Amino acid sequence: MFSSWCWYWTKLKLLCSYCTLSELRCSSCGKDSAASSKMEDFYELELNIKGLNNLEESLNDYFSEEALDGENQYFCESCQKRVDATRCIKLQSLPPVVNFQLKRYVFLPKTTTKKKISSTFSFPGQLDLGKRLSNPTSSCSYDLAAILIHKGTGANSGHYVAHIKDESNGQWWEFDDETVSKLGLHPFGEKPGKASNKDDQKSQGISTAGSVTDNNSNGHQEAAPTATTAEMFSSTDAYMLMYKCTSKDGNATQSDKNMEINDSLPCHLLDQINELNASYKKSCEEYQSKKDSHLAYITERRQEVKSILTEAPAHPEDDSYFWISTDWLRQWADNITPPSSIDNGPIQCEHGKVPASKVTSMKRLSSVAWQRLFSKYGGGPTLSSDECCMECLKDGAKNAVSADVYRERKASLKNIAEAALAGNCPDGPSYFISKTWLTHWLRRKNADIPSDADNGPTSALRCSHGDLLPEHAPGAKRVSVPESLWLFLYQSVNEKKADDITTFPSDSQPCEICNQELSDVASVEGNLRAVKLKQRQNHEKLISGKSIALHPGQKYYLIPSSWLSEWRAYITATGKNISSLPEPQSLEAIVSSLICEKHSRLLQRPLDLVCKRGSITQKTSNTDGLTIIPEYDWKLFSEEWSATPEKGISAEIAFSKSSQDKLSGSSEAMPIMDGDLDQSLDDADDDLGAREPYVRTIPEVCEDCIGERESCALVEKLNYQNEDIHVYLIRGKEAPKSIKEASKAVVTSDRRASKRSRRTSSGNSINLKVSGSTSVYQLKLMIWESLGIVKENQKLHKGSVEIEDDFATLADKGIFAGDVLWVRDSEIYENRDIADEISEQKADTLQAEEGFRGTLLTSSVSAQLCQDIALSE
């Protein structure tokens, strides 16, 4: 088969040359151009199929006359002027093998891309090309010999296969890379259920593939159509057809004699084919030899397993048998390659014999079967019928009896244990045991002797010094049990742990060292509890976290909102958490860190004020900005947290006429003085409606340092790498409000994200890994690959703003890690394969200078957005 394939394709290359003549004739003088007499050779004919149904129509289109007029006029040498003319192609001779190239790919000017034509195209099994020659002959028949097929929808991707007909028997074969498959007598394979009516289909001009013959005239008169009885085939992926000549006119001209097929090949090709055939034959012989050897080995193994398993059962009356591990025997019987040696180690006890407890893991073998296995595989140890371990049997019986005795005694002592838990211990000697341990012991469903993993009844009561823990120590709750119950528990615990059990009579004294340590801890916690209680009473309004009413003319102080949140959590911690939270940092150090060294001004802004119903309050935050506190609370904080009162950041409420005049800490502001206080309080509603309140601080806010820090924070935020953004596919015209505002929400950076598309109520959604330097074009390709939306159809938005300019970076467009985008499919352009776009990318696209990509110099982020991002940090 391989030699036939090589020979076939080599012969096609040598025997598919056409001889054509391009005729150009002047419509005025009727003369042909000088170039018309020049013969040209072609290997194939390129046929249009767009808008055409079958091969006959394509051939008529190819050989039809073309009018040259208007701007396409021809310059005639005889007439010495531009004149109308006609042009056509004529066949002078035909090769033994005819190749037709079907032009399945067209260029779309609108999208500057190529598209594959996937319409059905019909072609006959037999073709008469005699009428197509410039000197027509009565008969020149060709049979379909091969079909080349392109599988796929894209013009620059897909898979190619060939369907080739064997000349010797008419069988069709499919060549798909290294795979060769038999198709039968039909070029596309025999179809199920068609054999019964195959004759009827042929008589109607229908192939076994179900394709219908076009029996009507195609409108062209240059050549007669093929016979309507010819079998027709059709395909949506065939792009090249090959026909081989089967008969010629007996009165053929000298030029037609060139069509005779010479089956001989050059010597070097024959040598190469013979060499390949010899190599292929040798490989087949080696494979067959290995196959036969392997099959013989498998047959031998099967016979061995069958014969030994037949002899394996030991006779009930036979006392001579051997034990073997069931696991080893199963591996030996189930695997083609058996284990190297017998392994009976897993079924041995510690005495080197066969224990009764492992009887389910072993099997008895007859002496004949054991000798056959042992002589071939060796190993062991050999365990005969006399190797049963009596020691293990006695231990098992003893344990069974002990377990019964244990259950009976436990049942008799259950009431005593329950009374001890209730605090009722009879008079007489008693002992301390762990209350938790005794509770679990009573609840234990399995009444067997406690296992080695159980802790002793007094393990939780013993301190690191080996003495009795004080009762108020964590986990040291105890109960007194009578001597009878203690002795039973002590004896029933595993002997290996008996030495680890400490006996604590009921008159035992707690460890003095542990008692002192616990007293010290309790004293510290008591003092800490008192300090926290006092601070909660001193700062009731601050503890509640509610906004306080602010009044013009009064003096206030500023502290960081983050420190206030830490203090509030520390003060309100109670119970076991009272000493678990660390103390807040030194208040004086925190306040000092708010002053810039260069200008001695504030490095943070106070939180904004809210004016509502004649009352002025401040916005709240647990992390950002400075919070206003009354002067009374600041003085108390200075005493409680070792701060200097004079180093505090003071503040007061001032008013500005407009928002443009509002500069925090500006000396141009007009604060409300004591002389105007009465008037401002009486006319509060009118003043608040006419003027805007703000916080005036001493020292002033350093806008220079804050602006520089915010710029650095923004640049760092823009220079993210390999972070997630979320993209929603919106089915409707507009995105839901929740999606538009999702980018403003706080995003958890360590949340695991998947790249798989998920279905939501509005459409699909996807998480993509991007960087600040990723271009909008690259992002659209990711969306194309994940959601299947052609790049030109993507209407990409962040919030309500559409993202345009494919060559801009995500940093340029203000897209940060964790942002939520939404995209809509405009469906204007036709879908195509993404591989086409990737293969046709232009290298000379205009891009921002690399030195400034992903920085504020090319970013379209507004100043207000910079400020918002810095505050969120």
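Is it true that Asp177 is open to solvent by 40 Å² or more (accessible area, probe 1.4 Å), of a type outside the set (Val, Ile, Thr), farther than 19 Å from Asp61 by Cβ and at pLDDT below 75?
Here the answer is no, as Asp177 does not meet what is asked.
Within region 759-817, count every residue that is closer than 20 Å to Lys717 by Cβ, hydrophobic (A, V, I, L, M, F, W, C), assigned to a loop (DSSP other than H, G, I, E, B) and open to solvent by 30 Å² or more (accessible area, probe 1.4 Å).
Residues in region 759-817 being closer than 20 Å to Lys717 by Cβ, hydrophobic (A, V, I, L, M, F, W, C), assigned to a loop (DSSP other than H, G, I, E, B) and open to solvent by 30 Å² or more (accessible area, probe 1.4 Å): 1 in total.
What are the pairs with Cβ atoms under 6 angstrom where one residue, in region 298-316, is in contact (Cβ under 8 Å) with a residue 60 or more places away in the chain and within 14 Å of Val368 (Cβ to Cβ) and the other, located anywhere, is hydrophobic (A, V, I, L, M, F, W, C) and open to solvent by less than 40 Å² (accessible area, probe 1.4 Å)? Sequence gap at least six, or different chains.
Listed pairs, sorted by first residue: Ile308/Ala369; Glu311/Ala369.
If I ask for residues that are of a type in the set (A, V, I, L, M, F, W, C) and open to solvent by less than 10 Å² (accessible area, probe 1.4 Å), which ones from region 89-113 would you list?
Of everything in region 89-113, those that are of a type in the set (A, V, I, L, M, F, W, C) and open to solvent by less than 10 Å² (accessible area, probe 1.4 Å) turn out to be Leu91, Leu94, Val97, Val98, Phe100, Leu102.
Being closer than 20 Å to Leu94 by Cα and either among the hydroxyl-bearing types (Ser, Thr, Tyr) or at pLDDT 85 or above (or both) is the filter here; which residues of region 255-278 pass it?
Answer for region 255-278, where residues must be closer than 20 Å to Leu94 by Cα and either among the hydroxyl-bearing types (Ser, Thr, Tyr) or at pLDDT 85 or above (or both): Ser255, Ser264.
Output the residues belonging to region 323-346 that are in contact with a Pro (Cβ under 8 Å, 6 or more places away or on another chain) and touching a residue at least 24 places away in the same chain (Cβ under 8 Å).
Within region 323-346, Ser325, Asp327, Trp332, Asn344, Gly345 qualify.
Residues Asn72, Asn135: which one is open to solvent by 10 Å² or more (accessible area, probe 1.4 Å) and closer than 21 Å to Asp41 by Cβ?
Going through Asn72, Asn135 in turn, the sole match is Asn135.
For the subset of region 333-368 comprising residues that are of a type in the set (A, V, I, L, M, F, W, C) and open to solvent by 50 Å² or more (accessible area, probe 1.4 Å), which member is farthest from Ile298 (Cα to Cα)?
Looking at residues that are of a type in the set (A, V, I, L, M, F, W, C) and open to solvent by 50 Å² or more (accessible area, probe 1.4 Å), I get Ala356.
Here are some residues: Lys410, Lys414. Which one is part of a helix (DSSP H, G or I), open to solvent by 50 Å² or more (accessible area, probe 1.4 Å) and within 30 Å of Leu489 (Cα to Cα)?
Exactly one residue qualifies, and that residue is Lys414.
Read through the list (1) surrounded by fewer than 15 Cβ atoms within 10 Å (Cβ to Cβ); (2) more than 16 Å from Leu241 (Cβ to Cβ); (3) touching a helix residue (DSSP H, G or I) at 6+ places or on another chain (Cβ under 9 Å), then give the number of the only condition that Lys50 fails.
Going through the list (1) surrounded by fewer than 15 Cβ atoms within 10 Å (Cβ to Cβ); (2) more than 16 Å from Leu241 (Cβ to Cβ); (3) touching a helix residue (DSSP H, G or I) at 6+ places or on another chain (Cβ under 9 Å), Lys50 breaks only (3).
Select from region 319-338 the residues that are of a type in the set (Ser, Thr, Tyr) and out of contact with any Phe, Trp or Tyr (no Cβ under 9 Å at 6 or more places or on another chain) and write down the one among them that is nearest to Gln371 (Cα to Cα).
Ser320
Take the residues in region 456-475 that are in a loop (DSSP other than H, G, I, E, B) and touching a Lys or Arg at 6+ places or on another chain (Cβ under 9 Å), then tell me which one is modelled with the highest pLDDT.
In this case the residue turns out to be Leu469.
Across region 545-567, what is the number of residues that are closer than 18 Å to Val531 by Cβ and either open to solvent by less than 50 Å² (accessible area, probe 1.4 Å) or free of Cβ contacts under 8 Å to residues at least 12 places away in the same chain (or both)?
Counting residues in region 545-567 that are closer than 18 Å to Val531 by Cβ and either open to solvent by less than 50 Å² (accessible area, probe 1.4 Å) or free of Cβ contacts under 8 Å to residues at least 12 places away in the same chain (or both) gives 3.
Could you grab me the full set of residues in region 114-125 that are part of a strand (DSSP E or B) and either touching a helix residue (DSSP H, G or I) at 6+ places or on another chain (Cβ under 6 Å) or open to solvent by less than 50 Å² (accessible area, probe 1.4 Å) (or both)?
Across region 114-125, the qualifying residues are Lys116, Phe121, Ser122, Phe123, Pro124.
Assess whether Gly250 counts as being at pLDDT below 50 and closer than 30 Å to Cys88 by Cβ.
It is true that Gly250 is at pLDDT below 50 and closer than 30 Å to Cys88 by Cβ.
If Leu485 satisfies all but one of (1) farther than 30 Å from Glu640 by Cα; (2) part of a loop (DSSP other than H, G, I, E, B); (3) touching a strand residue (DSSP E or B) at 6+ places or on another chain (Cβ under 9 Å), what's the number of the condition it fails?
Checking Leu485 against (1) farther than 30 Å from Glu640 by Cα; (2) part of a loop (DSSP other than H, G, I, E, B); (3) touching a strand residue (DSSP E or B) at 6+ places or on another chain (Cβ under 9 Å), the one that fails is (2).
Out of all the residues in region 588-622, which are among the hydroxyl-bearing types (Ser, Thr, Tyr), open to solvent by 40 Å² or more (accessible area, probe 1.4 Å) and over 48 Å from the mean Cα position of the chain (by Cα)?
The answer is Ser592, Ser600, Ser615.
For region 26-69, give me the residue count where each residue is modelled with pLDDT of 80 or more and over 60 Å from the mean Cα position of the chain (by Cα).
Final tally of qualifying residues: 3.
Test Lys182 against the criterion of being out of contact with any helix residue (DSSP H, G or I) (no Cβ under 7 Å at 6 or more places or on another chain) and either buried (at least 19 other Cβ atoms within 10 Å of the Cβ) or part of a strand (DSSP E or B) (or both), and give yes or no.
yes
May I ask you to list the residues in region 644-668 that are in a loop (DSSP other than H, G, I, E, B), modelled with pLDDT of 85 or more and out of contact with any strand residue (DSSP E or B) (no Cβ under 7 Å at 6 or more places or on another chain)?
Thr644
Out of Ser279, Ser293, Ser307, report the one residue that is farther than 25 Å from Trp332 by Cα and part of a helix (DSSP H, G or I).
Result: Ser279 is the single residue among Ser279, Ser293, Ser307 that is farther than 25 Å from Trp332 by Cα and part of a helix (DSSP H, G or I).
So, Asp128, is that one farther than 30 Å from Glu174 by Cβ and either open to solvent by 70 Å² or more (accessible area, probe 1.4 Å) or modelled with pLDDT of 80 or more (or both) or not?
For Asp128, the condition - farther than 30 Å from Glu174 by Cβ and either open to solvent by 70 Å² or more (accessible area, probe 1.4 Å) or modelled with pLDDT of 80 or more (or both) - is not met.
Enumerate the pairs (first residue in region 586-600 and among the small types (Gly, Ala, Ser); second residue anywhere and surrounded by fewer than 12 Cβ atoms within 10 Å (Cβ to Cβ)) with beta-carbon separation below 7 Å, excluding pairs fewer than 6 apart on the same chain, so at least 6 apart or on different chains.
Within 7 Å, the pairs are Ser586/Ser642.
Identify, by number, the condition in (1) surrounded by 12 or more Cβ atoms within 10 Å (Cβ to Cβ); (2) at pLDDT below 80 that Ser711 doesn't meet.
(2)
Within the bounds of region 344-360, is there any residue that is under 13 Å from Glu387 (Cα atoms), polar (S, T, N, Q) and outside any strand (DSSP E or B)?
Yes: region 344-360 contains one or more residues that are under 13 Å from Glu387 (Cα atoms), polar (S, T, N, Q) and outside any strand (DSSP E or B).
Inspect all residues belonging to region 319-326 and state whether any of them is part of a loop (DSSP other than H, G, I, E, B), at pLDDT below 85 and open to solvent by 80 Å² or more (accessible area, probe 1.4 Å).
For region 319-326, residues part of a loop (DSSP other than H, G, I, E, B), at pLDDT below 85 and open to solvent by 80 Å² or more (accessible area, probe 1.4 Å): present.
Output the number of the condition that Pro584 fails; it satisfies all remaining conditions of (1) open to solvent by less than 30 Å² (accessible area, probe 1.4 Å); (2) touching a strand residue (DSSP E or B) at 6+ places or on another chain (Cβ under 6 Å); (3) not in a helix (DSSP H, G or I).
(2)
The values are calculated or read from the model by the stated rules, or taken from the named source; none is laboratory data. Values in this document were obtained by computation on a predicted structure and should not be read as measured data. Don't worry about glycine lacking a Cβ; one is built from the backbone with ideal geometry, like all the others, and counts go over all protein chains shown. The area values use the complete protein model at the heavy-atom level, side chains included, leaving out ligands, DNA and RNA. Shrake-Rupley method; radii C 1.70, N 1.55, O 1.52, S 1.80 Å.
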